[in-house]
Amino acid sequence: MPGPRPTGSTAAGSERATPRTRSGSLSREPAAPEAPARAGGRATPPRREPDPAPVTSGRRRAQPTTLTTDQPTTRSRSTTPRHDPDAAISTSGRRRAQAPTPNVPIRGQAAVGNAEATTRVRAAETDSAAGSSRALDRSEQAERTRRTERESGTGNRASHIDETLTRLTAAHAGLTLPRRDGGDEPELPPPAPERRPRLTAARLLAGALALLVFATTTFGWGAEGWLESSIRNAAALDPESGSIVDADTQRGDENVLIVATDAGSNPGAGAGTAGGSDAGADTVTVAHIPAGGGPLVVLSVPNGLEINRPPCERWDPAAASYLDETVPAEARTQLRSALDVGGPRCATRVVQQLTGLAITKYVGIDLDSLGAMADAVGGATVCVAKPVVDRALGPVVPDPGPTTLEGVRAADFARAADVQGDPPSDYGRIERQQQLLAAVLNKAVSGTALLDVAQLVALRPALGKAVVTDGAGLDEVLAMATSLRKLDADGVTFAAVPTTGDANSPGHTVLRDADAAQLFAALRQDSALPEQARDPRAADSGPVPADVKVEVLNASARAGLAGQVGETLSSLGFGVGQVGNAGQPTPQTVIRFSPDEAAAAALLATTVPSATSVPDPGTTGVLQLVLGKSFDDVVRAPAQPIALQADAPSVTPASATCP
């Protein structure tokens, strides 16, 4: 008789009854799905069903019971569900309960065979179900593993990309980051080891050069300071003077008084110092620099200008100090006398009294000592656009262009006062003096000159004798000289104090008061200068007939001609001196004149148009009209006063080689 077939649940969620456990309670568990057995006792693999529902913890599942006759044990295989991370409650560690094997009486051989067959079928089904369960568990576990790996791989790849970018950024910045523990991402290549700086020959050379530059610069600063310490203080400024007009308006303006003196201009005078009593004032210049910007105005003041000198302390040029002695005031004296007796301070007071300007700096230059300075620096290079030929000194610079001057030749270049082609008002003389001073100082303090100890030692005493200042250092003196060495440069305006152009009875230059007051007011207010003041050739209006005294000589065959012409000139206002006959007849009518009478000769030439002007160098006070056979009897009144004009040949552009 065939044994009973195991009964399975045909509906989802059915349960199979199990024997009681040792504790006497019943355990109900969802039955594993079973496939219907095929013919021959084989079981088909079960279909994959959804994961079992959670069961109550601690219950046991009953196992099929096998009835045997020979063996008391029942072959059974219990399967433990594998770990399912997705399940709400784990079934790990549960034990399946096995029902006790009852003692079944043997009724016959057939019953035994059927029981054994049934047992084998059930055992096979159990083994098949267990295998299917294990396969299902392995498949599910593999699927979960793959899903977990995919999710983990996606996160790992994103993390790996972020970490790779971070490491690349750090490596570019020269940093090294520690590797992340764990993970199987490929490691970044290790950064190149940092090279420690090595002391190479190039580094040592660079360090030595830097040290050399530092030492050279420090030595140069010290050398320039040492040179500057030789310049003596003139103590010339008087900022509280009552002569200053509109002090508030002039606040911030710079007015530099530059006085050049020449010991050689006084016959028999010994070598002096700048501003010394043995040195006569050669040029007096005020450089005006407006506070609000504008052109540099260079104002030339004649050294022979008639002034009323105030009382001044006596100046000791040897000690460059003032004595405890007051020189009394003097009326109708020359400007140069203020420097002669009272030094830089008295000269400053007079200029402030004359112009109303507030003098803020003083620079005194001894022209005779400039030659020694040029020798100390190995010669000073200057450039002239035309030859410098003085009527008293002769050719100083015979050829135009750059030339190097030393010693006496350098001093003559600075003191030349009667150069052919020069305009009046000390225009050319101021340019030459400042050009020479700038050339000497620039060569002394530029480049490697400050490293030449021998040159510094030779230059220092000459500089101390040549320059005295108040309120101006060596650099400022050089800057000012550089600005004044070319008075027609952009940003520089030259002006001259307006005078009558002739000397009065004491031989002093006379100021044109109204025109001068207009010019000084324009400077104080930083306004436009009068047109006439800006033209150096118009600064002196020239002599009038009453200022001219001429000798008339007859060199023709006509008797009494000199007397007739002399009377005519006298009727026109000219002063007539000697009238007589020349030593020998001449075919030409000429006007012979000394350099100091050039303006008077020009005025006379307009009155006697048939006369030819002939200069007589080396003489003074000479003005003669020699009537020759060419005289045409024409004597006419001059239309206007004649100012001094350049009498040198014009300079072609090719000869003007200076920049």
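Here the stretch 331-375 is the region considered, the condition is being surrounded by fewer than 24 Cβ atoms within 10 Å (Cβ to Cβ) and of a type in the set (Ser, Thr, Tyr), and the residue that is farthest from Thr509 (Cα to Cα) is Thr360. Annotation: Ala392 fulfils all but one of (1) closer than 23 Å to Val477 by Cβ; (2) part of a loop (DSSP other than H, G, I, E, B); the unmet one is (1).
All conditions in (1) at pLDDT below 90; (2) under 30 Å from Asp526 (Cβ atoms) hold for Val245, with the sole exception of (1).
The set of residues in the stretch 465-488 being among the small types (Gly, Ala, Ser) and in contact with a strand residue (DSSP E or B) (Cβ under 9 Å, 6 or more places away or on another chain) consists of Ala466, Gly471, Ala472, Ala481, Ser483. In the set (1) open to solvent by less than 60 Å² (accessible area, probe 1.4 Å); (2) modelled with pLDDT under 90, the condition left unmet by Ile591 is number (2).
Determine, yes or no, whether Ala605 is within 17 Å of Gln420 (Cβ to Cβ), among the small types (Gly, Ala, Ser), open to solvent by less than 40 Å² (accessible area, probe 1.4 Å) and touching a strand residue (DSSP E or B) at 6+ places or on another chain (Cβ under 6 Å). When the stated conditions are applied, Ala605 does not pass them.
Only one of the listed residues (Leu474, Leu463, Leu436, Leu459) is open to solvent by less than 10 Å² (accessible area, probe 1.4 Å) and under 19 Å from Cys383 (Cβ atoms). That residue is Leu436.
Picking from residues in the stretch 317-330 that are more than 15 Å from Ala347 (Cβ to Cβ) and within 50 Å of the chain's Cα centre (by Cα), the one that is most open to solvent (accessible area, probe 1.4 Å) is Asp324. With respect to Ala528, determine if the residue is under 60 Å from the mean Cα position of the chain (by Cα) and more than 30 Å from Val351 (Cβ to Cβ). No. Among the residues of the stretch 371-388, those identified as closer than 19 Å to Lys486 by Cα and either in contact with a Leu (Cβ under 6 Å, 6 or more places away or on another chain) or part of a strand (DSSP E or B) (or both) are Ala380, Thr381, Val382, Cys383, Val384, Val388.
Pro193 meets each of the listed conditions (1) assigned to a loop (DSSP other than H, G, I, E, B); (2) at pLDDT 70 or above; (3) of a type outside the set (Gly, Ala, Ser) apart from (2).
Out of Ser650, Ser630, one residue alone is small (Gly, Ala, Ser), modelled with pLDDT under 90, assigned to a loop (DSSP other than H, G, I, E, B) and under 58 Å from the mean Cα position of the chain (by Cα). It is Ser650. The set of residues in the stretch 515-531 that are open to solvent by 80 Å² or more (accessible area, probe 1.4 Å) and in a helix (DSSP H, G or I) comprises Gln518, Gln525. So, Asp278, is that one at pLDDT below 95 and either closer than 19 Å to Asp426 by Cα or open to solvent by 50 Å² or more (accessible area, probe 1.4 Å) (or both) or not? Yes; evaluated as a whole, the condition is true for this residue. Residues in the stretch 477-514 that are surrounded by fewer than 18 Cβ atoms within 10 Å (Cβ to Cβ), part of a helix (DSSP H, G or I) and hydrophobic (A, V, I, L, M, F, W, C): 2 in all. Taken together, the criteria exclude Thr612 from residues that are open to solvent by 10 Å² or more (accessible area, probe 1.4 Å), out of contact with any Pro (no Cβ under 6 Å at 6 or more places or on another chain) and farther than 24 Å from Ala392 by Cα. Residues that are surrounded by fewer than 19 Cβ atoms within 10 Å (Cβ to Cβ) and in contact (Cβ under 8 Å) with a residue 60 or more places away in the chain within the stretch 382-398 comprise Cys383, Ala385, Val389, Ala392, listed in sequence order.
Checked against the criterion of being under 29 Å from Trp226 (Cα atoms), assigned to a helix (DSSP H, G or I), among the charged types (D, E, K, R) and at pLDDT 85 or above, the stretch 395-406 contains not a single residue that satisfies it. The set of residues in the stretch 334-358 being without any contact (Cβ under 8 Å) to a residue 40 or more places away in the chain and either under 41 Å from the mean Cα position of the chain (by Cα) or over 17 Å from Ile258 (Cβ atoms) (or both) consists of Ser337, Gly342. Condition check: of a type outside the set (A, V, I, L, M, F, W, C), farther than 30 Å from Glu325 by Cβ and outside any helix (DSSP H, G or I). Does Asp422 satisfy that? Here the answer is yes, as Asp422 does meet what is asked. May I ask you to verify whether Gly401 is free of Cβ contacts under 8 Å to residues at least 40 places away in the same chain and at positive phi? Against the criterion (free of Cβ contacts under 8 Å to residues at least 40 places away in the same chain and at positive phi), Gly401 does not qualify. Whenever a residue of the stretch 249-273 is surrounded by fewer than 16 Cβ atoms within 10 Å (Cβ to Cβ), its partners that are in a loop (DSSP other than H, G, I, E, B) and modelled with pLDDT of 60 or more, lying with C-beta atoms within less than 8 angstrom and at least six residues away or across chains, give the pairs Arg251/Ala291; Gly252/Ala291; Gly252/Gly292.
The values are calculated or read from the model by the stated rules, or taken from the named source; none is laboratory data. All figures in this text were calculated on a predicted structure; none of them were measured in a lab. A quick note on method: Cβ atoms are made from the backbone with ideal geometry, for glycine too, and the neighbour counts reach across all protein chains shown. Note: accessible area is taken over every heavy atom of the protein model, side chains too, but ligands, DNA and RNA are not part of it. Shrake-Rupley method; radii C 1.70, N 1.55, O 1.52, S 1.80 Å.
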